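Chemist: First the structure, which I've put down as structure tokens, then a few questions once you've had a look.
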Amino acid sequence: MHNSIRLILLVLFPLLSQAQDYGDFPLISQEELLRDLALLHQGLDQYHSGMYWYTSKDSVDEAFAAARTEIDRDMSVLEFYKIMAPLVGLSREDHTDIFLPDEVREKVSTQGAFLPLVTVFLGEKLYCIRNGADQDAALEGKEISSINGKTPVEYAAELGSLFASDGYIKTVKYSDLSGFSFSRYLYYYGGKQATFQVTLEGETFDLPSLSIAEINQNLSRRYASEEREGVDSESLEFRVLRDSIAYLGIHSFSNGTIRENAVNNNLKKFLDQSFATMEAQGVQTLIVDVSQNGGGNEGNENLLFSYLGENYQKYERVRTKTQRAVLDNGVDPPVELETFGWLERTFANQKMPDGSYERRSDRGIGLMAYKKAPAYRFQGEVFVIISPVTYSGGSEFANMMATRHRATFVGQETGGGYYGNTSGYSAELTLPHSGITVDLPSLQFVMNVEDRYPFGSGVLPDYPVVPTIEQYLNGDNAALDFILDLLADEK
């Protein structure tokens, strides 16, 4: 057995070997679940263009064979989800999402029993930021060292198997388990638990599990006096700081999100004005903050880069495995998945001998970083703030700056892969019997980057900065403060 296959089975079998109590959910027949599993296997194999970028086909096939043996009885949708989710995670592509049916999620919210804490991972440390338990203990801001005898890092490895992240990037697993997600995935993983024994900074509490409604009641009661109305955050920020230093916060590349801004609602206009101001005021150092940028419309990352870097071929290739996949388990009606519309398939892409399609370099968006340089281009020193939330187009901007050696990076490893991602167009595959939906991305973006970081990683910070719990609770930008201190020390 290959080492990679053995590792996958070690991840799956502890998850599947123990039965959990989720409550009163109807059972789906074994035969129907196996038919759903077959459609998922075909969808990942035939449509997902990056399915075997990080996990070999043999390993994926072996994992599906193991999963089939686990479906040895009629199961509830949540039991089946526990088998399905790690298989989807084998794509190691964060754009590959899995969703329970709406009615199941609603029932989970009313019937589920959860750890009554709102938490955040800062690095690999887990903190309580809101106490939703019945006990009025002062838990806020305290580090959680164990839950039921297990460390948060151990939990992150287990719960993280239920969702995909790009490559081998661990920071995303911690980031995605913040807020109430840790409690929710703990329920998906282990089912109902009567009590959680939680140790925070040497003190242990027995916290009975509660429903969402009970937790929300406690949160409302306990934090009702806190300010709830804040200033609407802007997706685009620009300000000149001290000593010829400017801050450029690009928190989204989504045109829709940017249009909702009260002030700056057009990215091109905003960037033109910002870089013109920097030139007029003699700015020498620019801090670009994409730490909250999860991507958006393709091309906006190129637009930002055009003000900072020389043009070059951004992608080695952009490809899709197929234009059309037909999934057929032999019993249910076949499911058809398509990629492009006729216009883009015909004019922006070319069909390859193996039946795949690759983007033409000379038409449409093409393969280059950008098509036209702007009037104002910044030649000074650049710092880029990154985090696990820096993803998709946000991470592609970081990738471009990194491979062109155009910036110093501060913060945490990006959530998006340095060598590329599979995203763009996606197809929704809704499995007919469980009702589970899986988003299958179709475009594999292979970036033209130098071999600077380990395969499967994101952009790594030159200066790692993880906020302290005090900085997090105060809303401080720890990476920005670090850069300003660094620049002050250099004077």
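Chemist: Check off (1) part of a loop (DSSP other than H, G, I, E, B); (2) farther than 30 Å from residue 53 by Cα; (3) in contact (Cβ under 8 Å) with a residue 60 or more places away in the chain for residue 167 and give me the number that stays unchecked.
Modeler: (2)
Chemist: Scan the strands (runs of 3 or more DSSP E) fully inside the range 248-345 and keep the ones with 2 or more residues being of a type in the set (D, E, K, R), more than 22 Å from residue 419 (Cβ to Cβ) and touching a residue at least 12 places away in the same chain (Cβ under 8 Å). Full working, then the answer.
Modeler: Details: elements: 285-289, 315-320, 324-327, 335-338.
Result: 335-338.
Chemist: Of all residues in the range 177-222, how many are assigned to a helix (DSSP H, G or I), in contact (Cβ under 8 Å) with a residue 60 or more places away in the chain and not small (Gly, Ala, Ser)?
Modeler: Step one: list which residues in the range 177-222 are assigned to a helix (DSSP H, G or I), which gives 181-190, 212-222.
Then drop every residue that is not in contact (Cβ under 8 Å) with a residue 60 or more places away in the chain, which leaves 182-184, 186-190, 212-216, 218-219, 222.
Checking which are not small (Gly, Ala, Ser) leaves us with 182, 184, 186-189, 212, 214-216, 218-219, 222.
Of the residues in the range 177-222, 13 are assigned to a helix (DSSP H, G or I), in contact (Cβ under 8 Å) with a residue 60 or more places away in the chain and not small (Gly, Ala, Ser).
Chemist: Right, another one. Mind checking which residues of the range 459-485 are in contact with a strand residue (DSSP E or B) (Cβ under 8 Å, 6 or more places away or on another chain) and outside any helix (DSSP H, G or I)?
Modeler: 459, 460, 461, 462, 463, 464, 465, 466, 467, 468, 477
Chemist: Scan the range 214-230 and give yes if some residue there is within 23 Å of the chain's Cα centre (by Cα) and over 30 Å from residue 45 (Cβ atoms), otherwise no. It would help to see each step written out before you state the result.
Modeler: First, the residues of the range 214-230 that are within 23 Å of the chain's Cα centre (by Cα): none.
No - not one qualifying residue is present in the range 214-230.
Chemist: Residue 36: surrounded by fewer than 18 Cβ atoms within 10 Å (Cβ to Cβ) and either over 23 Å from the mean Cα position of the chain (by Cα) or acidic (Asp, Glu) (or both), yes or no? Spell out the reasoning first.
Modeler: Values: surrounded by fewer than 18 Cβ atoms within 10 Å (Cβ to Cβ): no; either over 23 Å from the mean Cα position of the chain (by Cα) or acidic (Asp, Glu) (or both): yes.
So residue 36 fails the test.
Chemist: Restricting to the range 363-378, name every residue that is out of contact with any Gly (no Cβ under 8 Å at 6 or more places or on another chain) and within 14 Å of residue 317 (Cβ to Cβ). Lay out the reasoning, then the answer.
Modeler: Keep residues of the range 363-378 that are out of contact with any Gly (no Cβ under 8 Å at 6 or more places or on another chain), which gives 363-364, 366-368, 370-378.
Selection gives 366, 367, 368.
Chemist: Would you confirm whether or not the range 255-266 contains a residue that is surrounded by fewer than 22 Cβ atoms within 10 Å (Cβ to Cβ), more than 22 Å from residue 408 (Cα to Cα) and of a type in the set (Lys, Arg)? Spell out how you get there, then give the answer.
Modeler: Pass one, the range 255-266, residues surrounded by fewer than 22 Cβ atoms within 10 Å (Cβ to Cβ): 255-257, 259-266.
In the following step, the residues that additionally are more than 22 Å from residue 408 (Cα to Cα) were identified as 255-257, 259-266.
Checking the rest, the ones that are also of a type in the set (Lys, Arg) come to 259.
Yes: the range 255-266 contains one or more residues that are surrounded by fewer than 22 Cβ atoms within 10 Å (Cβ to Cβ), more than 22 Å from residue 408 (Cα to Cα) and of a type in the set (Lys, Arg).
So that you can scan it fast, the table gives a plain yes or no per residue for (1) out of contact with any Ser or Thr (no Cβ under 7 Å at 6 or more places or on another chain); (2) within 28 Å of residue 337 (Cα to Cα):
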{"site": "381", "(1), (2)": "no, no"}
{"site": "384", "(1), (2)": "yes, no"}
{"site": "406", "(1), (2)": "yes, no"}
{"site": "412", "(1), (2)": "no, no"}
{"site": "419", "(1), (2)": "yes, yes"}
{"site": "430", "(1), (2)": "no, yes"}
{"site": "435", "(1), (2)": "yes, yes"}
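Throughout, read-outs are computed from the coordinates displayed, never taken from laboratory work. Note that the structure is predicted; figures quoted are calculated from it, not measured. Virtual Cβ from ideal backbone geometry, glycine too; neighbours counted across all protein chains shown.
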